[in-house]
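Worksheet: one structure, shown below.
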Amino acid sequence: MGSAPDNHHDALVVGTGFGGLYTLHLLKQLGLNVRAIESAPDVGGTWYWNSYPGARSDIHSHVYRYSWDKELLEKHPWPNNYLHQPELQAYFQEVAQKHKLYPLIHFNTELRGADWDDQTGLWIVSTNTGQEYTTRYLVTAIGILHNKNVPEIPGLDSFKGQTVHSSNWNPHIQWEGKRVAVIGSGASGIQIVSSLSEKAKSLTHFIRHAQYVIPSRFRAVTPEERKGINERYDKIWEDVFLSNTAFGFVEPGRPTLSLSPEDREIVFERLWREGNGFHFLFGGFSDLATNEAANKEAIKFIHRKIKETVQDPQKAEVLTSSDWFARRPLTDDHYYERFNQDNVFAVDLKKAPITEITPDGINTADGKTHAVDLIVFATGFDAIDGSYTRLNMRGRNGVELKKHWQAEGPKSHIGAATSEFPNLLFVNGPGSVFANNPPVAEVAAEFARDLIARAEEVRYREGGIGIIEALQEAENRWREQTEQVAELTLFSKTPSWFFGENIPGKKVAPRLYFGGIGRFRAAIAEEKAAGFKGFRFR
Ligand code: NA7
């Protein structure tokens with residue numbers, strides 16, 4: 001199919017979540033002829049798709065938004081300290097409307113692949129609709145959690161009831177009054193168990209690795225608090241962008257073992273009472289995620305809370321993790337309490353793995369059959385690079401992105417671009433930073449904009465087509481740095497999607513930079529100050 005003029009752009013942005021919408025806004029401001037494509041029928045990205053009952057951000061609402069629109073910050077309603085999925089959806093819609101982004105977006109249009117033509121300096125982009133686009137810059141903000149992981153369990157096709165992956169929820173899913181199985185105990189599984197167990201006939205949670213779930217302390221924000229936050233917003237964002245985790249709370253410099261056991265206990269109790277998993281891990285002490293002895297103290301505390309909360313000792317045992325408290329921290333107000341209901345059960349898959357799915361339910365290795373009507377796969381995603389490797393992306397000389405990253409795992413220079421793929425930019429791609437997503441998306445979108453602005457400058461000055469490419473040495477250096485920092489944390493000692501361990505056969509390597517958003521921004525600033533030395537412009 002040929003490319004109609006409406007399908008040729010200076011820049012094509014893929015995705016309209018936090019990263020994509022802002023990138024679209026920035027490139028429009030830059031005066032480029034820019035278009036976005038989005039696989040969903042509306043804006044929102046990850047937050048469009050993850051709409052299961054109880055889907056909610058577990059980061060405080062006043063920092064789970066863009067910092068750059070002061071008016072929206074002050075006026076857009078957020079009645080509670082956390083945002084439910086429909087509120088986030090409404091927020092994205094308001095941003096897109098206010099900034100006149102809707103006319104620039106082609107919805108229901110999914111990126112399938114793209115080929116770089118070095119002669120013309122164009123990407124030829126294919127989509128699910130059959131429509132091709134050509135673009136000089138291809139900016140992908142395709143989300144780090146998009147490519148669903150559904151395990152291949154024998155007999156799955158024979159199941160007579162309904163099955164759904166957490167990111168595919170829809171109104172046809174019948175769960176009230178039904179016997180529900182939830183497989184998976186990450187952020188999605190915990191929230192789904194907590195909300196569905198209210199009205200399900202029974203709920204069985206199949207757990208391979210139990211996790212540490214900190215109360216969220218969901219509550220309304222008072223008008224006084226809101227006023228105070230509005231007045232302090234500039235300072236709040238300044239701190240967020242200089243911090244490590246960007247979650248909007250103070251990150252103390254105090255090591256855990258610097259306090260006496262009694263004083264430590266007071267701090268842990270306070271963190272538990274105040275709520276929020278990230279706050280518990282990063283807001284009380286400086287070293288819970290890096291020091292084994294410190295982490296063990298937090299683990300002891302949480303284990304005790306589980307024992308105190310869950311009345312049935314057998315269920316409590318299944319819910320008690322033996323790993324480091326160093327995966328993405330989880331938050332929910334009711335998760336542990338739900339297991340005090342007679343109709344809520346916990347199955348330890350380490351002791352009794354799933355052997356097969358039958359027409360009526362799930363069989364486990366201990367000979368039990370769990371009869372269910374609905375199976376919810378809260379089994380996560382082929383995360384980060386998995387969003388890319390499912391696509392047919394071919395760079396210079398036809399090199400495939402999948403192959404380019406196969407041997408050593410994904411590489412990029414400061415999360416923005418990879419060698420041999422000129423003018424392909426990532427917003428929150430591999431090599432980006434582990435921190436609160438909206439501020440990270442802003443930093444990444446601005447970096448992509450700056451790279452494009454620089455390429456355009458070179459084009460006007462020197463003629464030619466305007467090409468940016470990450471240098472191999474630069475991306476290797478960034479990878480080394482990412483590995484070194486990851487090694488200092490307990491995250492690297494705890495299998496998770498951060499390192500690719502959740503997908504069989506995937507190269508195990510850090511996919512995010514754990515050095516904090518402040519240092520990540522400093523790396524970008526240094527890069528810019530040195531004339532973008534890690535990139536070649538031609
Ligand atoms: P996660 O955090 O990747 O969690 C997936 C869960 O599914 C995790 O508990 C896995 O167990 C479990 N899983 C995966 N495959 C299987 C099989 N085959 N059998 C049993 N259990 C399995 O995904 P989420 O959607 O919850 O969260 C993703 C991110 O979204 C989250 O971090 C937030 O940033 C928002 P495992 O631990 O691997 O044993």
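For Lys235, the lysines whose Cα comes closer than 27 Å to its Cα, not counting residues fewer than 8 places off in the same chain, are Lys70, Lys75, Lys98, Lys227, Lys528. Classify the range 1-81 as rounded, prolate or oblate, taking a ≥ b ≥ c as the square roots of the eigenvalues of its Cα gyration tensor: rounded when a/c is under 1.5, otherwise prolate if a/b is larger than b/c and oblate if not. Note, shape of the range 1-81 comes out oblate. The angle between the Cα long axis of helix 223-242 and the longest principal axis of the Cα atoms of the chain comes to about 60 degrees, rounded to the nearest 10. Highest-first packing order for the peptide set 182-193, 482-493 is 182-193, 482-493, based on the mean count of other beta carbon atoms within 10 Å.
Can you grab the distance from the C-alpha centre of the range 1-74 to the C-alpha centre of the range 458-536, Å, no decimals? Cα centres, the range 1-74 to the range 458-536: 23 Å. Taking every protein chain into account, the accessible area of the chain amounts to 40 square angstrom per residue (probe 1.4 Å). Can you pull a Stokes-Einstein diffusion coefficient for the range 213-377 at 25 °C (0.890 mPa s), Rh from Kirkwood over Cα pairs, as a whole number of µm²/s? Translational diffusion coefficient: 132 µm²/s. The apolar share of the surface of the range 400-510, taken as the fraction of accessible area on carbon and sulfur atoms (1.4 Å probe, ligands and nucleic acids excluded), comes to 48 percent.
Find the centroid of the Cα atoms in the range 109-174 and in the range 336-384, then give the distance between the two in whole Å. First find each Cα centre; the distance between them is then 27 Å. Summarised as an ellipsoid, the chain has semi-axes of 38, 28, 23 Å, derived from the eigenvalues of the Cα gyration tensor scaled by 5 and square-rooted, with the largest first. Judged by the ratio a/c of the largest to the smallest principal axis of the C-alpha gyration tensor, the range 194-266 counts as oblate, that ratio being 1.5 or greater while a/b is no larger than b/c. The dipole here belongs to the chain: it is taken about the Cα centre, uses +1 on the Cβ of Lys and Arg and -1 on the Cβ of Asp and Glu, and is about 120 debye.
Once you order the gyration tensor axes a ≥ b ≥ c over the Cα atoms, which shape class does the range 322-368 get: rounded for a/c under 1.5, otherwise prolate or oblate by comparing a/b with b/c? Here the range 322-368 falls in the oblate category.
If one takes the longest principal axis of the Cα atoms in the chain, at what angle in degrees, from 0 to 90 and to the nearest 10, does the Cα axis of helix 292-309 lie? Roughly 50 degrees, rounded to the nearest 10. Dividing the mean sequence gap of close Cα pairs (under 8 Å, 6+ apart) by how many residues the range 213-377 holds gives a relative contact order of 22 percent. Where both bridge residues fall in the range 213-377, DSSP classifies roughly 75% of the beta bridges as antiparallel. Nonpolar atom fraction for the range 213-377, defined as the carbon and sulfur part of the 1.4 Å probe accessible area, stands at 52 percent.
Summary value for the chain: 19 percent relative contact order, contacts being C-alpha pairs under 8 angstrom separated by 6+ residues.
Rg over Rh for the range 437-515 works out to 1.12, using Cα positions for both radii and the Kirkwood form for Rh. State the percent of C-alpha pairs, over all pairs in the range 119-201, separated by a distance greater than 16 angstrom. Considering the range 119-201, 69 percent of its Cα-Cα pairs are separated by more than 16 Å. Counted over the chain, the DSSP beta bridges are approximately 40% antiparallel.
Helix 517-529 and the longest principal axis of the C-alpha atoms of the chain enclose an angle of approximately 10°. Here's the picture: charge each Lys and Arg Cβ at +1 and each Asp and Glu Cβ at -1 in the range 213-377, and of Phe282, Ile306, Ala352 the one pushed furthest to the positive end of that dipole is Phe282.
For the cross-link pairs Lys351/Lys493; Lys305/Lys507; Lys148/Lys178; Lys315/Lys368; Lys178/Lys315; Lys148/Lys307, the ones whose C-alpha atoms lie over 27 Å apart are Lys305/Lys507; Lys148/Lys307.
The values are calculated or read from the model by the stated rules, or taken from the named source; none is laboratory data. Treat the numbers as computed from the prediction; the structure is a model and nothing was measured. Neighbour counts are summed over all protein chains in view; Cβ atoms, including those assigned to glycine, are modelled from backbone coordinates with ideal geometry. Calculation scope for accessible area: heavy atoms of the full protein, side chains included, ligands and nucleic acids excluded. Shrake-Rupley method; radii C 1.70, N 1.55, O 1.52, S 1.80 Å.
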